[in-house]
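J.: Below you'll find the structure I mean.
The values are calculated or read from the model by the stated rules, or taken from the named source; none is laboratory data. If you're wondering where the values come from, they're calculated on a predicted model, not measured in any experiment. Here the Cβ positions follow ideal geometry from the backbone for every residue, glycine too, while neighbour counts run over all protein chains shown. Ligands, DNA and RNA are stripped out before the accessible areas are found, and what is left, the full protein with its side chains, is counted by its heavy atoms. Shrake-Rupley method; radii C 1.70, N 1.55, O 1.52, S 1.80 Å.
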Amino acid sequence: MTFSTWYSIGNSAIHRWHPATKLLFTIVMWLTAFIIQQPVLNALQFLILLSLIILAEVPYTKVIGFTKVTSPIIIAYFLLWPFLFGEGPVLLSAILPGTKFVISVYEFGLVWGAIAAFRLATVFYSTFMLLATTSDSQVIQGLVSMKFPYIVAFVLMITTRFLVTLMSDMSSIQEARRARGLSQRVGLGGFIRNLSSILIPLVMVSMRRVQILSDAIEVRAFETGRNRTSLNYVGLGLMQKLSILGILLFFVLVIYLRFGVGVIVIFPNRI
Amino acid sequence: MGNVALQIENLWWKYEGVETWTLQGIDYELDVGKCLGIVGATGAGKTTLLRCLNGLIPHSFNGLMKGNVRVLGNDTGEKKVFDIAMSVGTVFEDAEAQFVATTLEEDVAFGLENLALPREEMRRRIDWSLGIVGLSGFERRNAHELSGGQKQRAALASILAMRPRVLLLDEPSAELDPLGKSEVFEIIKSLKEDQKMTIVLVEQDTEEMMPIVDELILLQSGKIALRGEATSFFARTRELQEAGVRPLDAAIILSDLGVQASEFSVESVSANIANKMKRDRGDK
């Protein structure tokens, strides 16, 4: 089992941001990605985010690894909309061979596909930037700074890490299935049977893992409600407070431009 | 009492929803500074016994417990796991599953933060514990990018930083390659000899545990089926094999040659080989 984590140790300016600032930045990126509804601006937001990842000196291998995982989803999302969004001039129309179905690609669908794809990419890559530049303990520290109870922040972080472990376990189980020559069944029934043959061992493995982790945490004197100290806790300095203010101002500006002035929206009837 | 580290009196334990008793009338005493080895097949009750020593049983597991367990004079049934954790450290088989933080430094600090130690003291203990396990300079390394042996040493450092007087090790080499195994056992040996720690070592690799342990018990269906000092314990090749434990390679070879040693010391084995050779010559 390999436990993959996106975090890369570094000393860039983004690594040095306070975790609370980074968490807020990530949340604002997610929200603004869905408020901005203009392909050029959505693309610009994504490019700025990519520049920040480059500035953070995240190793290219990790960026490429993340891109390999997420790009099929983003591309599929982009390709889906031109067929589903039936508005605007038809750019292409064809009859499905052997059927009477007509497939049409709409111009507005293409534009919406671009918006949707850049939005999704912004959500993925802003999360990646957070995970690549912030260790688990720093995320907890950030959440605690934002007045989350320690236990909530800790459980949230442990759960997130556990999901990554589960994904890794799942791929090991799939590999084991393939190594034993088990073929993938087709159809809905086959899909359910495929899933159950993976889920049963996955549940067993994860139950064992949860038990070890829970025991390990307890024997290291973890008890809710007790006072604890922190090795690396740093309070919010003036620069960090100013950064938070800047992020919030950006958020308010985007809301104003979309809902007040209406300049960053091209399909007002859609979110 | 002063010299006794572990005192187990007629210990019985049954997990909730299970018919059979996982531990059945265990009695044992271990002196301070000694190393006890526990061997047994899967399901013999080894991990359950460790859980009784670190207080997870009865505090975190539902079931029925009879008898007493005292560690350094503290009744584990009465003391909280938090209090026991200050003097008893536990390292589990799966090193990776034990990590709660990303960097080594943060992971070692987790237990110390729970003890609410001041930052300077934490730094001192992190440096000390990583030094003991040979991972100085790895403070900012990602715990998940270490080799198997390094991961297990890191897990050990996280526990050592809490300065336990009793160390419980649950198959610490189970998932390691030969190099990783020898790294981990070297450290366990130095903890026993240099730090004078009381150690309970659950292990399947009898070859590696032989030079470390002072006493051994064989658990079979929750009972102590065999106990003794390492030299005499490992001479019971047949009993160990029947219980699903791999005896020492040397013991198997001697057994195959028809040499029966009652003790696994150089003198005893030499004498038995000499006797066997005499007998063989006499037969001819």
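J.: If you find the alpha carbon centre of segment A:178-232 and of segment A:77-125, how far apart are they in angstrom?
T.: 38
J.: Here is a further query. Once you have the alpha carbon radius of gyration of segment A:3-261, what is it after dividing by 2.2 N^0.38 Å, with N set to its residue count?
T.: Details: Rg = 22.6 Å, N = 259, 2.2 N^0.38 = 18.2 Å.
Ratio of Cα Rg to 2.2 N^0.38 Å: 1.24.
J.: Additional query: What FRET efficiency, computed as 1/(1 + (r/R0)^6) with R0 = 45 Å and r the Cβ-Cβ distance, is obtained for B:Ala271 and B:Asp75, rounded to the nearest 0.05? Don't jump to the answer; show the numbers that get you there.
T.: Values: r = 46 Å, r/R0 = 1.02.
Between B:Ala271 and B:Asp75 the formula returns 0.45.
J.: For a Förster distance of 25 Å, can you work out the FRET efficiency between the beta-carbons of A:Leu166 and B:Ala174, rounded to the nearest 0.05? Before the final figure, lay out the partial values.
T.: Working: r = 22 Å, r/R0 = 0.86.
It comes to 0.70.
J.: When only Cα pairs under 8 Å and 6 or more residues apart are kept, what is the percent relative contact order across segment A:3-261? List each step's numbers first, then the result.
T.: Working: 227 pairs, mean separation 73.3, N = 259.
Here the relative contact order equals 28 percent.
J.: Taking 0.36 nm per residue of separation and subtracting the Cα-Cα distance, what length does fully extending A:Leu55 through A:Thr159 add?
T.: Numbers: separation 104, 0.36 × 104 = 37.44 nm, distance 2.90 nm.
Answer, rounded to one decimal: 34.5 nm.
J.: Continuing with the same structure: Only Cα pairs within less than 10 Å get springs; with that Gaussian network setup on chain A, which residue of A:Ser93, A:Ser243, A:Ser206 has the largest fluctuation?
T.: A:Ser93
J.: Of B:Asp27, B:Asp205, which has the most accessible area with a 1.4 Å probe, and how do the rest follow in descending order? Could you put the intermediate results ahead of the total?
T.: Values: B:Asp27 70, B:Asp205 30 Å².
From most exposed to least exposed: B:Asp27, B:Asp205.
J.: At 1.4 Å probe size, put B:Leu167, A:Leu195 in order of accessible surface, largest to smallest. Please report the intermediate quantities before stating the final value.
T.: Values: B:Leu167 0, A:Leu195 70 Å².
Correct descending sequence by accessible area is A:Leu195, B:Leu167.
J.: Excluding residues fewer than 8 places away in the same chain, name every one of the lysines whose C-alpha is closer than 26 Å to that of B:Lys276.
T.: B:Lys284
J.: Kindly state, to the nearest 0.05, the FRET efficiency for A:Leu253 paired with A:Ala13, given R0 = 25 Å and r defined as their beta-carbon distance. All intermediate terms of the calculation are to be shown ahead of the outcome.
T.: Values: r = 23 Å, r/R0 = 0.91.
Rounded to the nearest 0.05, the efficiency is 0.65.
J.: Something else: Over 21 Å between Cα atoms, which of B:Lys79/B:Lys196; B:Lys181/B:Lys223; B:Lys34/B:Lys189; B:Lys66/B:Lys192 qualify? Mind dumping the intermediate values first?
T.: Numbers: B:Lys79/B:Lys196 24 Å; B:Lys181/B:Lys223 28 Å; B:Lys34/B:Lys189 11 Å; B:Lys66/B:Lys192 31 Å.
Long pairs (Cα-Cα over 21 Å): B:Lys79/B:Lys196; B:Lys181/B:Lys223; B:Lys66/B:Lys192.
J.: Here is a follow-up. May I ask you to list the trypsin sites (Lys or Arg not before Pro) in segment B:40-76 that are in a DSSP loop and have at most 14 other Cβ atoms within 10 Å of their Cβ? It would help to have the intermediate numbers written out before the result.
T.: Numbers: sites: B:Lys46, B:Arg51, B:Lys66, B:Arg70; in loops: none.
Passing both the DSSP loop test and the Cβ count: no residue.
J.: Peptides A:56-64, A:217-225, B:105-113: what's the order by average Cβ count within 10 Å, highest mean first?
T.: Put in order of decreasing packing, that is B:105-113, A:217-225, A:56-64.
J.: Taking both sides together, what accessible area is buried at the A/B interface, probe 1.4 Å, expressed in Å² and rounded to the nearest 100? Can you show the working numbers first?
T.: Values: alone 16970 and 13740 Å², together 27070 Å².
The summed interface area works out to 3600 Å².
J.: Next up: Please list log₁₀ I(q)/I(0) at q = 0.11, 0.12 Å⁻¹ for the protein assembly as shown, using the Debye equation with identical point scatterers on the alpha-carbon positions.
T.: -1.08, -1.20
J.: Return, ordered by residue number, the residues of segment B:1-30 whose backbone nitrogen is under 12 Å from a label point located 7 Å along Cα→Cβ of B:Phe61.
T.: B:12-18, B:21-24
J.: Indicate, rounded to the nearest 5 percent, the antiparallel portion of the DSSP beta bridges found entirely in chain B.
T.: Roughly 55 percent of the DSSP beta bridges within chain B come out antiparallel.
J.: Next question, about the same structure. Using a 1.4 angstrom probe on protein heavy atoms only, which residues from segment B:71-114 are buried by at least 40 Å² of accessible area when all chains are present rather than their own chain alone?
T.: Residues meeting the cut-off: B:Phe82, B:Phe92, B:Asp94, B:Glu96, B:Ala97, B:Val100, B:Thr102, B:Glu106, B:Phe110, B:Glu113, B:Asn114.
J.: Per residue of A:14-25, what is the mean number of Cβ atoms on other protein chains within 10 angstrom of that residue's Cβ?
T.: 0
J.: Let me ask something else. Take A:Tyr106, B:Tyr28, A:Tyr77 and sort them by solvent-accessible surface of the protein heavy atoms, 1.4 Å probe, largest at the top. Please list the in-between numbers first.
T.: On the way: A:Tyr106 55, B:Tyr28 25, A:Tyr77 80 Å².
From most exposed to least exposed: A:Tyr77, A:Tyr106, B:Tyr28.
J.: A further question follows. Averaged per residue, what accessible area in Å² does the protein assembly as shown show with a 1.4 Å probe, protein chains only? Mind showing how you got there, number by number?
T.: Details: 27070 Å² over 555 residues.
I get 49 Å² per residue for this part.
J.: For A:Lys68, list the lysines whose Cα falls under 29 Å from its own Cα; do not include residues on the same chain fewer than 8 positions away.
T.: A:Lys22, B:Lys151
J.: Mind putting a number on the dipole of segment B:20-141 about its Cα centre? Charges go on the C-beta only, +1 for Lys and Arg and -1 for Asp and Glu, and I need it in Debye to the nearest 20.
T.: Details: 13 positive and 17 negative charges, 36 e Å.
Charge dipole, segment B:20-141, about its Cα centre: 180 debye, nearest 20.
J.: If you count the DSSP beta bridges with both ends in the protein assembly as shown, what percent of them are antiparallel, to the nearest 5? Could the numbers behind the result be given before it?
T.: On the way: 29 of 48 bridges.
Here the share of antiparallel DSSP bridges comes out near 60 percent.
J.: Need the C-alpha centroid separation for segment B:1-34 versus segment B:159-237, integer Å.
T.: Their Cα centres are 17 Å away from one another.
J.: Let me ask you something else. Which of the peptides A:133-141, A:252-260 is most tightly packed, and how do the rest follow, going by the mean number of other Cβ atoms within 10 Å of each residue?
T.: Working: A:133-141: 24.8, A:252-260: 13.8.
Answer by packing, highest mean first, reads A:133-141, A:252-260.
J.: Ok, one more. Based solely on its DSSP helices, what 222 nm [θ] is calculated for the protein assembly as shown when runs of n ≥ 4 H residues each add -39,500 (n - 2.57) and the sum is averaged over all residues, nearest 500 deg cm²/dmol?
T.: Values: 22 runs with 295 residues, N = 555.
One gets -17000 deg cm²/dmol as the mean residue ellipticity at 222 nm.
J.: Out of the total accessible area of the protein assembly as shown (probe 1.4 Å, heavy atoms of protein only), what percent is carbon and sulfur? Let's see the in-between values first.
T.: Details: 16470 of 27070 Å².
Ligands and nucleic acids excluded, carbon and sulfur reach 61 percent.
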